[in-house]
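The values are calculated or read from the model by the stated rules, or taken from the named source; none is laboratory data. Model, not experiment: these values are computed from the prediction. Here the Cβ positions follow ideal geometry from the backbone for every residue, glycine too, while neighbour counts run over all protein chains shown. Ligands, DNA and RNA are stripped out before the accessible areas are found, and what is left, the full protein with its side chains, is counted by its heavy atoms. Shrake-Rupley method; radii C 1.70, N 1.55, O 1.52, S 1.80 Å.
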Amino acid sequence: MAKFWKKAAVAAGVLAFWLLVWQWAAVSINKELIVASPVAVARSLISLVPTAEFWQTVAGSVLRIMLGYLLGVLLGAVLAVLTSLCGVLRALFSPLLAVVRATPVASFIILAWVWMTTGTIPVFIAMLMVIPIVWGNMVQGIAAVPQELREVCEVFRFDWKQKLRHLYLPAIRPYFAAAVTTSLGLAWKAGVAAEVLCRPDMSIGDAIYRAKITIETPDLFAWTLVVIALSMVLEWAVKRLLHGKRGKRIAA
């Protein structure tokens, strides 16, 4: 318990320090249109949070981006297994992995805007950010299985279920856990960026865009804080889901 309160005190001290830095910047610039003060942003949040529109907006963004995230995890895992089993598939799909990693997110968003409806673009972009990370990490995990253990499984005539349970899953698990936690933050940021550009109904990106064009800087800061808070909550939830109480030990 003492350790918990010590960590809480440190976190509160760090938060207070950066709030003071923020307040100092707002007072120094003295232009709310450029830097809104913490008090102004807090007022904006207090006015936003109790409204039904706020929760509908948050739910819309979370559902879109998490759908893309889950699809990306699924497709990345399937591609990792297929390309690890078949060298021809690995040769065919590896350039695609390199292209996705090298291409700017904005380019994909604009291209997707030509092909898709605005509501599906954040789903597609989030999925696209996740696939290469899950794919690459799982391929490394599969390759990391020692050849000696594979030979032992052959000697004892393990079937594919036994190999999967006792050999491959333990080897892949840390790579998979690192991939899904790291890719979540990227999927969330890219998904919100896609929403800002394509502005689907009931989305955080649309709210951020409206705050920008109406020059409501406190609302812009408030929605940005909501994005950050949701990212942290979702990452915490994924870690807990994967590792329970040990989730906090994952190194992203």
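Data for the structure
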{"item": "In the stretch 226-245, residue nearest to the chain's Cα centre (by Cα) [restricted to those that are surrounded by 15 or more Cβ atoms within 10 Å (Cβ to Cβ) and aliphatic (A, V, I, L, M)]", "result": "Leu234"}
{"item": "Unmet criterion (only one of (1) part of a helix (DSSP H, G or I); (2) open to solvent by 10 Å² or more (accessible area, probe 1.4 Å)) for Ile215", "result": "(1)"}
{"item": "First in the stretch 180-192 and at negative phi and assigned to a helix (DSSP H, G or I), second anywhere and open to solvent by 10 Å² or more (accessible area, probe 1.4 Å) and small (Gly, Ala, Ser), Cβ under 8 Å, 6 or more apart", "result": "Thr181/Ala252; Thr182/Ala252; Leu184/Ser231; Gly185/Ser231; Gly185/Ala252; Trp188/Ser231; Lys189/Ser231"}
{"item": "Every residue from the stretch 43-53 that is in a loop (DSSP other than H, G, I, E, B) and either surrounded by fewer than 10 Cβ atoms within 10 Å (Cβ to Cβ) or at pLDDT below 85 (or both)", "result": "Pro50"}
{"item": "Residue list for the stretch 168-211, filter: among the hydrophobic types (A, V, I, L, M, F, W, C), open to solvent by 60 Å² or more (accessible area, probe 1.4 Å) and farther than 18 Å from Ile228 by Cβ", "result": "Leu169, Leu197, Met202"}
{"item": "Pairs with Cβ under 6 Å, 6+ apart, first in the stretch 94-121 and more than 18 Å from Lys189 (Cβ to Cβ), second assigned to a loop (DSSP other than H, G, I, E, B) and of a type outside the set (Ser, Thr, Tyr)", "result": "Thr118/Pro200; Gly119/Pro200"}
{"item": "Residue in the stretch 63-81 that is over 30 Å from Ala98 (Cα atoms) and in contact (Cβ under 8 Å) with a residue 12 or more places away in the chain present", "result": "no"}
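Matching residues to (1) touching a helix residue (DSSP H, G or I) at 6+ places or on another chain (Cβ under 7 Å); (2) open to solvent by 60 Å² or more (accessible area, probe 1.4 Å); (3) assigned to a helix (DSSP H, G or I):
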position	(1), (2), (3)
Leu75	yes, yes, yes
Ala80	yes, no, yes
Leu92	no, yes, yes
Pro95	no, yes, yes
Val100	yes, no, yes
Phe108	yes, no, yes
Ala112	yes, no, yes
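Per-residue answers, yes or no, for (1) in contact with a helix residue (DSSP H, G or I) (Cβ under 7 Å, 6 or more places away or on another chain); (2) open to solvent by less than 70 Å² (accessible area, probe 1.4 Å); (3) not in a helix (DSSP H, G or I):
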{"site": "Lys3", "(1), (2), (3)": "no, no, no"}
{"site": "Ala16", "(1), (2), (3)": "no, yes, no"}
{"site": "Val21", "(1), (2), (3)": "no, yes, no"}
{"site": "Trp24", "(1), (2), (3)": "no, no, no"}
{"site": "Val27", "(1), (2), (3)": "no, no, no"}
{"site": "Val41", "(1), (2), (3)": "yes, yes, no"}
{"site": "Trp55", "(1), (2), (3)": "no, no, no"}
